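The values are calculated or read from the model by the stated rules, or taken from the named source; none is laboratory data. Fair warning: this is a prediction, and the values are worked out from it, not measured in the lab. Note that each Cβ is placed from the backbone with ideal geometry, even for glycine, and that neighbours are counted across all protein chains shown.
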Amino acid sequence: MSERDLEPWEWPEPHWRKIVEQVRAGKKLAPSIWPNGARCAIALSFDSDHETNELREGGQSIGRLSQGQYGSVQAIPRILKILGDESVTASFFVPAVTALLYPDEQKQISAQGHEIALHGWIHERNSILPIEAERDLMLRSADVLEKVSGKRPVGIRTPSWDFSPNTLALIQEMGLIYDSSLMADVDCYELMMNGVNTGVVELPVEWIRDDAVYFNMNRFASLRPQISPTDVFDIFKREFDGAYEEGGLFQLTMHPHVTGYRSRIWILKELIAYMKSKKDVWFASHADIVRYVKTAHA
């Protein structure tokens with residue numbers, strides 16, 4: 001009987017250790033001070049999934065596609081106006097198919113000084129892909145984003161934060177400086193692969209700091225959100241308060257097609273106003289934060 005045939009509780013120690021050590025948090029990269037004496041760094045991000053949430057499942061629902069299109073038609077303009085009015089820089093993680101559907105949108109985002117980073121080809125699940133397909137999609141996605149936005153992406157957020165055993169090696173192979181899909185810490189950290197530092201920095205996410213888990217619904221499964229926008233704002237605010245108290249990093253993930261509605265967009269606006277009231281905070285793209293922590297810990 002091979003180890004593959006064993007139940008997890010029957011695995012010998014070398015087997016489960018090998019699984020755990022594939023991708024691991026290494027050295028913590030938490031600067032003692034942020035640029036211009038700021039106490040806290042703020043990394044706002046928007047995953048511009050748009051229609052790819054339906055397309056990746058092979059779906060052809062006109063209704064769900066229209067829901068995705070709302071992300072471009074209404075939500076992105078609302079988000080860009082708030083960021084522009086507040087002079088706040090953010091990162092947009094964009095599937096290549098979204099960029100091909102809405103090239104002018106990406107050009108506008110880039111022209112306003114925001115980062116555009118990788119988010120898959122069609123919001124595919126990395127963990128089910130053979131390495132050849134995963135590499136091809138990552139490379140093609142980078143080519144599309146560079147052609148559309150005029151800048152080669154330097155970071156990635158895997159679709160649905162889904163990692164295959166090959167993902168980190170491919171990120172390293174592509175020369176990307178950071179990933180933002182994993183959750184081992186609240187501050188940036190080195191990514192280790194089989195015990196060796198890859199040179200790739202993790203700017204960690206968390207479902208607690210993601211709007212989709214609070215607002216998504218599935219009408220066929222009768223699953224509907226049971227939490228109010230006010231409660232979501234309170235969670236995000238408390239997460240920021242903790243980061244500010246510790247002098248660390250506050251990272252937030254939002255989706256245009258989720259938060260960009262009249263009854264929810266105020267969360268972003270009021271959260272920015274609250275964070276700016278602290279004065280000593282630094283709003284920056286994920287890429288700029290990673291560059292800073294790498295320099296601070298060089």
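Count of segment 68-100 residues, restricted to those that are closer than 25 Å to L137 by Cα and surrounded by fewer than 17 Cβ atoms within 10 Å (Cβ to Cβ), is 2. Consider segment 112-136 and keep the residues that are touching a Gly at 6+ places or on another chain (Cβ under 9 Å) and free of Cβ contacts under 8 Å to residues at least 60 places away in the same chain. The one that is farthest from G58 (Cα to Cα) is Q112. The set of residues from segment 202-221 being in a loop (DSSP other than H, G, I, E, B) and modelled with pLDDT of 90 or more comprises L203, P204, V205, E206, D211. Restricting attention to segment 222-250, the residues that are assigned to a helix (DSSP H, G or I) and either closer than 21 Å to K269 by Cβ or of a type in the set (D, E) (or both) total 17. Of all residues in segment 44-67, those being crowded, with 21+ Cβ neighbours inside 10 Å, aliphatic (A, V, I, L, M) and at pLDDT below 95 number 1. Taking segment 154-175 as the range and being surrounded by fewer than 22 Cβ atoms within 10 Å (Cβ to Cβ) and on the phi < 0 side of the Ramachandran plot as the test, the residues that pass are V154, D162, F163, S164, P165, N166, A169, L170, Q172, E173, M174. Considering W266, W282, the condition of being more than 24 Å from L182 (Cβ to Cβ) and of a type in the set (F, W, Y) is satisfied by W266 alone. Taking the conditions (1) of a type in the set (A, V, I, L, M); (2) modelled with pLDDT of 95 or more; (3) within 30 Å of R24 (Cα to Cα); (4) surrounded by 13 or more Cβ atoms within 10 Å (Cβ to Cβ) in turn, L268 satisfies each one other than (3). Just to check your reading of the model, which residue among A25, A99 is within 30 Å of E190 (Cα to Cα), in contact (Cβ under 8 Å) with a residue 24 or more places away in the chain and touching a helix residue (DSSP H, G or I) at 6+ places or on another chain (Cβ under 6 Å)? One residue alone meets the criteria, A99.
Taking the numbered list (1) without any contact (Cβ under 8 Å) to a residue 40 or more places away in the chain; (2) closer than 30 Å to S277 by Cα in turn, P153 passes all entries but (2). Out of curiosity, is M254 buried (at least 17 other Cβ atoms within 10 Å of the Cβ) and over 17 Å from the mean Cα position of the chain (by Cα)? Considered against the rule, which asks whether it is buried (at least 17 other Cβ atoms within 10 Å of the Cβ) and over 17 Å from the mean Cα position of the chain (by Cα), M254 comes out as no.
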